[in-house]
1. Just for the Cα atoms in the chain, what are the lengths along the principal axes, largest first, rounded to whole Å?
2. Taking a probe of 1.4 Å, how large is the accessible area per residue of the chain, in Å²?
3. Which order do SER350, SER68 take by accessible area at a 1.4 Å probe, largest first?
4. Let me see the P(r) profile for region 311-393: every Cα-Cα distance counted, bins of 10 Å, each bin given as a percent of all pairs.
5. Name the most mobile residue of ASP19, ASP115, ASP259, meaning the one with the largest mean-square fluctuation, in a Gaussian network model of the chain with Cα contacts below 10 Å.
6. At a Förster radius of 45 Å, what calculated FRET efficiency corresponds to the Cβ-Cβ distance of SER46 and THR346, to the nearest 0.05?
7. Around LEU192, with a cut-off of 15 angstrom between Cβ atoms, what is the net charge of the other residues, counting Lys and Arg +1 and Asp and Glu -1?
8. For the chain, what is the charge dipole size about the Cα centre, in debye to the nearest 20, if Lys and Arg each add +1 at the Cβ and Asp and Glu each add -1 at the Cβ?
Amino acid sequence: MPTSNADPSRDSSPDSSTDIATQLVQPAQGLPAGFASLSQGVFHASTIVFPDVASFLARQNQAYDGYSYGQNGTPTHYALTGKLAELEGGGKTVLVPTGLAAAVLVNSMLLSAGDHVLLPETVYGPTLEMTQALFGKWGVTCTLYPNDIAADISKLFQPRTRLVWTESPSSNTLEMQDVPAIVKAAHAQGILVAMDNTWATPLGFRPLDVGVDFSIQALTKYVGGHSDLLMGAVSTRDEKTYQDLRDTAELIGYYVASDECFLALRGLPTMALRMERQFSSALRIARFLQDHAAVASIHYPPLESDTYHCLWKRDFKLGSGLLSFTLKNNTLPAIEDFVAALKLFTLGNSWGGVHSLVAVAPLRKTEDASDQGWLIRLHVGVEDVNDLLNDLGRALSV
Ligand SMILES: *Cc1c(COP(=O)(O)O)cnc(C)c1O
């Protein structure tokens, strides 16, 4: 007997006349009456079953907010998208396999051959490479703009400019952008704006509140929060845009597993707690580095002396645990010694988890001599801040 997907309390023992092989294929029972938990149940599905032909044929009618095929979502997916939309301050959220896939989804939904897209000079590297290599191959052109362009972005608009990417602060160099000014200039010309808000998360800044059309996050970072999850999200406040994003995700075949959604849901209740601690520890570490004789420059917009502090203070409510700095002795051997001496900061990419991390990246390749050398990036975890300060102090004295 096929059972309705609207009836979770179905009887799992079909008919005593059927063979055990048949009986084993029948679904075990759904949520038992009287069971309640604070944890989100994990539902797995490729097939969704329907009670009759009419509802089967009409299944696409509920593709955006119901159950039609496993790829389109289970209760576990909707539990996560609902929470993420709340975090974004309202609207709808689409899940994708990685943070990078969130940028791919926005580009794929919006761009056609001949379109032009603007990206900040210090945009997350893979987003730039993806836009140039993949979308370039398909006839999309792009222009890089200086991070601090603000309203002057309008000078770079072309007749076919369709999208402006923003990222504030930028990966590695942590340069802030005047996102509200860019939104205003773009919208005046009917151009849409996407923001990669992975650094601050909506706990620090809500892009959709200032009119950004697509807010993307690598959930891999602070939502997951434990360095064991890859996932991305695109959020919008426009219902039609949400449906277009869902349609595009389906065309591309994007899917995230329910078990992974569970990990993201597991991260959410402690996200504010983790970030508040990581922010306050990062600020203390930034102040310590700023005063240290071996340090040449420090990049952390919540720091009062940072070039971009005014923008951060105006727009952001919370900072995160990611900062970067340069050594006065900006040579690879010196950096190798520093990293090797660290005990609590381990060397690795992808941040946002509870562990402190260190990474090394080349500075931008420009003529300017101060731009040569290496940037050291720290991600401050939830360890005791005095232990982290001691670790850094010791390694800097090497
Ligand atoms: C990590 C990161 C991404 C990509 O996330 P993945 O899940 O690793 O693909 C995108 N943007 C920024 C700013 C990031 O830091």
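1. Reported extents, whole Å, longest axis first: 82, 54, 35.
2. Accessible area per residue, the chain: 47 Å².
3. Numbers: SER350 55, SER68 5 Å².
The ordering from most to least exposed comes out as SER350, SER68.
4. Binned Cα distances yield the sequence 16, 43, 32, 9, 0.
5. ASP19
6. So the FRET efficiency works out to roughly 0.75.
7. It works out to a net charge of 0.
8. On the way: 28 positive and 41 negative charges, 91 e Å.
For the chain, the charge dipole is close to 440 debye.
The values are calculated or read from the model by the stated rules, or taken from the named source; none is laboratory data. These figures come from a predicted structure and were not determined experimentally. Because the Cβ atoms are built from the backbone with ideal geometry, glycine has one as well, and the counts that use them run over all protein chains shown. Just the protein is used for accessible areas: all its heavy atoms, side chains included, with ligands, DNA and RNA removed. Shrake-Rupley method; radii C 1.70, N 1.55, O 1.52, S 1.80 Å.
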